[in-house]
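The values are calculated or read from the model by the stated rules, or taken from the named source; none is laboratory data. Treat the numbers as computed from the prediction; the structure is a model and nothing was measured. Note that we place each Cβ from the backbone using ideal geometry, even for glycine, and neighbour counts take in every protein chain shown. Just so you know, the surface numbers come from the protein's heavy atoms only, side chains and all, with ligands and any DNA or RNA stripped out. Shrake-Rupley method; radii C 1.70, N 1.55, O 1.52, S 1.80 Å.
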Amino acid sequence: MTTVPELRTCRAVVFDTDGVITDSARVHAAAWEEAFGTVPGLGPPFTREDYRRYVDGKSRLDGAAAFLDARGAGLPAGGPEDGPGTGSVHAVAARKEQAFVRLLGERGAEVFPGTVRLLAALTRARVRCAAVSASRHARDLLRNAGVLPSLRAVVDGNDAARLGLPGKPDPALFLEAARRLGVPAAAAAVVEDAPAGVEAGRRGGFALVVGVDRSAHGEGAADLRRGGADLVVLDPGDLLDGDPPGGGGETR
């Protein structure tokens with residue numbers, strides 16, 4: 001089983017974690033819904049479309065600020081010392097973190113089989129692979145999913161905080177992953193399910209930016225293309241020649 005032509009010239013592939021490797025995006029979305037739902041007077045309610053548009057792929061603080069600004073909440077920024085609550089952007093972000101940890105323990109997060117197949121094929125072909133995430137929980141998710149052995153590097157929210165890396169759509173996370181792989185962005189691909197992430201891949205000068213449309217009815221494909229995706233698929237497994245569409249579906 002080989003990869004599609006668009007991927008064959010790439011020496012490395014950098015995967016987003018939440019929504020591409022693991023199904024943790026659903027847990028993140030539920031945690032955001034819970035956190036935003038406690039903010040007095042905030043409406044209309046947070047939806048899955050809001051998740052894609054405002055918070056997917058971004059750091060927790062940037063996502064909270066983007067959605068609250070879009071709803072005209074007028075909350076002060078606050079600071080890192082703010083505990084979970086509704087009095088500031090930092091407090092809402094902390095409440096989301098609290099909800100995410102609880103929901104992850106209750107529900108867990110599955111790995112996407114198509115991505116596992118692609119990682120295995122790339123490993124056999126000696127293509128270097130890395131994962132990035134704005135979440136501080138990414139390494140635990142990847143370890144529990146059993147895919148860490150296929151990854152030569154992981155850049156997560158802890159690394160971003162330690163190194164002062166800005167979140168997506170800035171390409172810093174992807175570029176740091178490529179640096180750790182020892183491959184220039186111009187010889188690497190990005191696989192990402194969020195518009196902010198594909199924009200980051202495009203801004204980072206990556207050779208190929210693949211968008212993964214996890215939306216219910218394919219409505220996310222246009223947003224991914226607008227963000228800069230060269231190719232949009234329903235599942236990373238569709239990047240394997242000979243894979244029936246759907247490990248995911250058809251290329252869009």
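Scan segment 137-155 for residues that are open to solvent by less than 20 Å² (accessible area, probe 1.4 Å), modelled with pLDDT under 95 and either under 17 Å from Phe206 (Cβ atoms) or in a loop (DSSP other than H, G, I, E, B) (or both) and jot them down.
The answer is Val147, and nothing else.
Going by the conditions given, is Thr115 in contact with a Pro (Cβ under 7 Å, 6 or more places away or on another chain), hydroxyl-bearing (Ser, Thr, Tyr) and in contact (Cβ under 8 Å) with a residue 12 or more places away in the chain?
yes
Any idea which of Gly79, Gly57, Gly114, Gly167 is open to solvent by less than 60 Å² (accessible area, probe 1.4 Å), modelled with pLDDT of 95 or more and outside any helix (DSSP H, G or I)?
Sole residue among the options that is open to solvent by less than 60 Å² (accessible area, probe 1.4 Å), modelled with pLDDT of 95 or more and outside any helix (DSSP H, G or I): Gly79.
Any idea how many residues of segment 202-218 are free of Cβ contacts under 8 Å to residues at least 40 places away in the same chain, touching a helix residue (DSSP H, G or I) at 6+ places or on another chain (Cβ under 8 Å) and open to solvent by 20 Å² or more (accessible area, probe 1.4 Å)?
Within segment 202-218, residues that are free of Cβ contacts under 8 Å to residues at least 40 places away in the same chain, touching a helix residue (DSSP H, G or I) at 6+ places or on another chain (Cβ under 8 Å) and open to solvent by 20 Å² or more (accessible area, probe 1.4 Å) number 2.
Working carefully through the options Ala134, Ala73, Ala94, find the one that is at pLDDT below 95, crowded, with 22+ Cβ neighbours inside 10 Å and of a type outside the set (D, E, K, R).
Residue meeting the stated conditions: Ala134.
Run Pro40 past the list (1) in contact with a Leu (Cβ under 7 Å, 6 or more places away or on another chain); (2) farther than 25 Å from Val212 by Cβ and report the number of the one that doesn't hold.
All conditions pass for Pro40, except number (1).
Within segment 1-37, restricting attention to residues that are more than 18 Å from the chain's Cα centre (by Cα) and in a loop (DSSP other than H, G, I, E, B), which residue is surrounded by the most Cβ atoms within 10 Å (Cβ to Cβ)?
Applying the filter and picking the extreme gives Cys10.
Would you mind finding the one in Ala229, Ala160 that is in contact with a helix residue (DSSP H, G or I) (Cβ under 8 Å, 6 or more places away or on another chain) and within 22 Å of Gly114 (Cα to Cα)?
Ala229
Hey, can you tell me all the residues within segment 117-126 that are of a type outside the set (D, E, K, R) and either assigned to a strand (DSSP E or B) or surrounded by fewer than 21 Cβ atoms within 10 Å (Cβ to Cβ) (or both)?
Selection gives Ala120, Ala121, Thr123, Ala125.
Would you mention how many residues in segment 179-201 are among the small types (Gly, Ala, Ser), open to solvent by 20 Å² or more (accessible area, probe 1.4 Å) and under 16 Å from Thr17 (Cβ atoms)?
Residues that pass the stated criteria total 0.
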